[in-house]
Amino acid sequence: AEAAGVRKLDLFPAETAAFFAANRTAEAEQLIDETIRSDPQNTNVLNTVIQVSAMFRHYTNAVSAIDRLLAIQPDNTAALMTKASFCLQLTNYTAAVDALTRVLSRETNNYNAQLYRAIAYLGDDQLDEAQHDYQGLLKTFPNSTEVASGLAEIAWRRKDTNTALHFYSLCLSNSASITSNQVKFLRDRLQALKPESP
């Protein structure tokens, strides 16, 4: 029976992936549920579910498995970061903020967590909180396009033209690190912010 059990777990990732690839999502989810139920504390199973679900962009399944993993390993910051990135994909900004705040309570200098939290706050239209995180990052990364664009977006939403112009210009001055579409977006924003010539 032991050998059969091991073989079953060995096949689990391939079977799950095959169901997802064939768009047989209900069967994939049933297999996931049954496998987790048979050994709910098995972190290998949970990590497999997270990886396979994420590969096929089934982020809700992945987050569910991460929550189970975090119940077993509450201090697993890598799992919290992964959860936050999936929650951002799902536009579940509140859950992303919660996961990232938990990371930052343990790792105060985790700049990725701070950046993702700023993005999540911005997504949730919590502009003061987003600005606080972006301003903190600006001190350490004064030339970061991601930080400058976040602060520019906050200023744009507040109709604070001068600050928006400053940060959008800063983004363009570092345009080597961004795509041509982003450059076009920045130029359009700057054009919209500049007063019409008489």
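The values are calculated or read from the model by the stated rules, or taken from the named source; none is laboratory data. No experiment lies behind these values; they were computed from the predicted model shown. So basically every Cβ, Gly included, is an ideal-geometry build from the backbone, and we count neighbours across all protein chains shown. In case anyone asks, the SASA skips ligands and DNA or RNA and just uses the protein heavy atoms, side chains included. Shrake-Rupley method; radii C 1.70, N 1.55, O 1.52, S 1.80 Å.
The figures follow:
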item	result
Verdict on ALA95 being part of a helix (DSSP H, G or I), out of contact with any Leu (no Cβ under 6 Å at 6 or more places or on another chain), aliphatic (A, V, I, L, M) and surrounded by 15 or more Cβ atoms within 10 Å (Cβ to Cβ)	yes
Any pair with Cβ under 6 angstrom, 6 or more apart, that starts in region 16-27 at a residue that is under 14 Å from GLN51 (Cα atoms) and ends at one that is in a helix (DSSP H, G or I) and open to solvent by less than 70 Å² (accessible area, probe 1.4 Å)	THR16/ALA28; THR16/LEU31; THR16/VAL52; ALA17/VAL52; PHE20/ALA28
Residue satisfying all of: in region 167-198; open to solvent by 90 Å² or more (accessible area, probe 1.4 Å) and over 25 Å from the mean Cα position of the chain (by Cα); farthest from ALA148 (Cα to Cα) among these	PRO198
Some residue of region 143-154 being of a type in the set (Ser, Thr, Tyr), out of contact with any Phe, Trp or Tyr (no Cβ under 9 Å at 6 or more places or on another chain), at pLDDT below 95 and surrounded by fewer than 19 Cβ atoms within 10 Å (Cβ to Cβ)	no
Check on THR77, open to solvent by less than 40 Å² (accessible area, probe 1.4 Å) and closer than 24 Å to ALA22 by Cα	no
Filter pass, PHE56 being open to solvent by 60 Å² or more (accessible area, probe 1.4 Å) and not polar (S, T, N, Q)	yes
Qualifying residue in region 180-190 (condition: of a type in the set (Lys, Arg) and without any contact (Cβ under 8 Å) to a residue 12 or more places away in the chain)	yes
Residue satisfying condition, being in contact with a Phe, Trp or Tyr (Cβ under 8 Å, 6 or more places away or on another chain), among the aliphatic types (A, V, I, L, M) and open to solvent by less than 40 Å² (accessible area, probe 1.4 Å), within set ALA113, ALA164	ALA164
Filtered residues of region 98-113 (kept if among the β-branched types (Val, Ile, Thr) and part of a helix (DSSP H, G or I))	THR101, VAL103
Residues satisfying the stated conditions in region 124-141, i.e. buried (at least 17 other Cβ atoms within 10 Å of the Cβ) and over 15 Å from THR101 (Cβ atoms)	GLN131, TYR134, LEU137, LEU138
